[in-house]
Amino acid sequence: MPELPEVETIARGLAKRVVGDVIESVWLGSKPEPLKSSATEIAATLQSRKISDVRRVGKHIVLDLAGENGKARSAQWIVHLGMTGSLQICSPEWELAKHTHAVVRLASGREVRFVDPRRFGRLSVIEKFEAPGAEPLQVSLENFVALFRGRKTPIKSALLNQKLLSGVGNIYADEALFRAGIRPRRRAASLSRDELARLHKSLKRVLKEAIKLGGSSISDYVDADGDEGFFQLKHRVYGREGKPCLVCKTPIKRIVIGGRSSHYCPKCQR
Ligand SMILES: [Zn+2]
């Protein structure tokens, strides 16, 4: 499942290729699930629009659309990749992949295709998209600390709560908690300011590290057939149950919090 760094990487890769291009035509498949806005609305909004910018907001890819003459009302095309969604940029003669739900033809002659086998991804159009939570790479320490004040839920669940922070997923929550030395089950409100400061720093660091690693293989991802595995973060705890901690050699533990696997070192994390 693409998390924040993957979505950031994809958005950057997409931006390099489509900003400035104009949408000539839109084809949408017959499956209803991928379309959060109606097919008619999506097609009408995208048609003849110039893509003026592409960026990530939370785990969403936001494509800013301007009228071709720059005068029409601005709009945004929002892509959420869900579990298995991907965006391909290809030439029209490429064979249509199975599970293609949208094909957007550009004036440059290329196509942007949305492919999603499991159909948890969503396409929509909106005037102005706003993520419900704070942006993890930009949130200040003050605002970060305030997010968790009085919260009785485990810190792990609070990190995954998209209304608090937009786009933090399971892997990076575990990795950030390990780097901050904080156990995932701790109540959010019980964390000291020092601990939250460490977490604020480690969360940003782990996300930036992953974006940096992802950035080196953007082209492979966006241009090829959308297979995953385009970047490998060196996980220290995630998926390493029973393996020795890289710092102290204590076996990494796996517990379930709010239905999600959580990995931590019982010695390094308090
Ligand atoms: Zn350890």
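If you take the alpha carbon atoms of segment 1-140 and fit the smallest convex hull around them, that volume is 108 Å³ per residue. In segment 1-145, a dipole from Cβ-located charges (positive for Lys and Arg, negative for Asp and Glu) runs towards its positive end, and of VAL103, LEU81, GLY67 it is VAL103 whose Cα lies farthest in that direction.
Largest GNM mean-square fluctuation across ARG105, ARG118, ARG179, computed for the chain with C-alpha springs under 10 Å, falls on ARG118. State the Cα centre-to-centre distance between segment 6-83 and segment 162-201 in whole Å. The distance from the Cα centre of segment 6-83 to that of segment 162-201 comes to 32 Å.
Please determine, in degrees from 0 to 90 and to the nearest 10, the orientation of helix 170-180 with respect to the longest principal axis defined by the Cα atoms of the chain, where the helix direction is its Cα long axis. Between helix and principal axis, roughly 40 degrees. Using just its DSSP H runs of length 4 or more, each adding -39500 (n - 2.57), the chain gives a mean residue ellipticity at 222 nm of -8500 deg cm²/dmol after division by all residues. Taking only protein heavy atoms and a 1.4 Å probe, the accessible area of the chain is 49% carbon and sulfur. In plain terms, the C-alpha convex hull of the chain casts an average shadow of 14.8 nm² when viewed from every direction. If R0 is taken as 45 Å, the Cβ-Cβ distance between THR40 and SER261 corresponds to a FRET efficiency of 0.65.
Among ARG260, ARG17, ARG185, the residue with the largest mean-square fluctuation in a Gaussian network model of the chain, with springs joining Cα atoms closer than 10 Å, is ARG260. Accessible surface comparison of THR84, THR45, probe 1.4 Å, protein chains only, largest first: the order is THR84, THR45. Here the label points at LYS201 and ARG118, each 7 Å from Cα along the C-beta direction, are separated by 3.6 nm in the simple model. Protein-only accessible surface at a 1.4 angstrom probe places the residues HIS60, HIS263 in the order HIS60, HIS263, largest first. Ligands, DNA and RNA aside, LEU199 has an accessible area near 0 Å² when probed at 1.4 Å. In the assembled protein chains, PHE178 presents an accessible area of approximately 10 Å² (probe radius 1.4 Å). Extension gain, LYS31 to GLU142, is 35.5 nm, computed as 0.36 nm per intervening residue step minus the present C-alpha separation.
Please tell me the relative contact order of the chain in percent, rounded to the nearest whole number, where contacts are Cα pairs under 8 Å and at least six residues apart.
On the way: 552 pairs, mean separation 48.3, N = 270.
Relative CO of the chain lands at 18 percent.
Measuring only protein heavy atoms, the 1.4 Å probe finds MET83 accessible over about 80 Å².
Pairs exceeding a 26 Å alpha-carbon distance, out of LYS16/LYS208; LYS163/LYS234; LYS98/LYS208; LYS59/LYS212; LYS59/LYS243: LYS163/LYS234; LYS98/LYS208; LYS59/LYS243.
Helix 193-215 and the long axis of the chain differ in direction by around 40°, with both axes built from C-alpha atoms.
Here r is the Cβ-Cβ distance between SER74 and SER108 and R0 is 25 Å; the resulting FRET efficiency, rounded to 0.05, is 0.70. Relative to the longest principal axis of the Cα atoms of the chain, the long axis of helix 4-18 lies at roughly 20 degrees. Under a Gaussian network description of the chain, with springs only between Cα atoms under 10 Å, the residue in GLY259, GLY181, GLY169 that fluctuates furthest is GLY259.
The values are calculated or read from the model by the stated rules, or taken from the named source; none is laboratory data. Keep in mind that this is a model prediction, so the values were computed, not measured. Ideal geometry is used to build each Cβ from the backbone, glycine not excepted, and the neighbour counts take in all protein chains shown. With ligands, DNA and RNA removed, areas are computed over all heavy atoms of the protein, side chains included. Shrake-Rupley method; radii C 1.70, N 1.55, O 1.52, S 1.80 Å.
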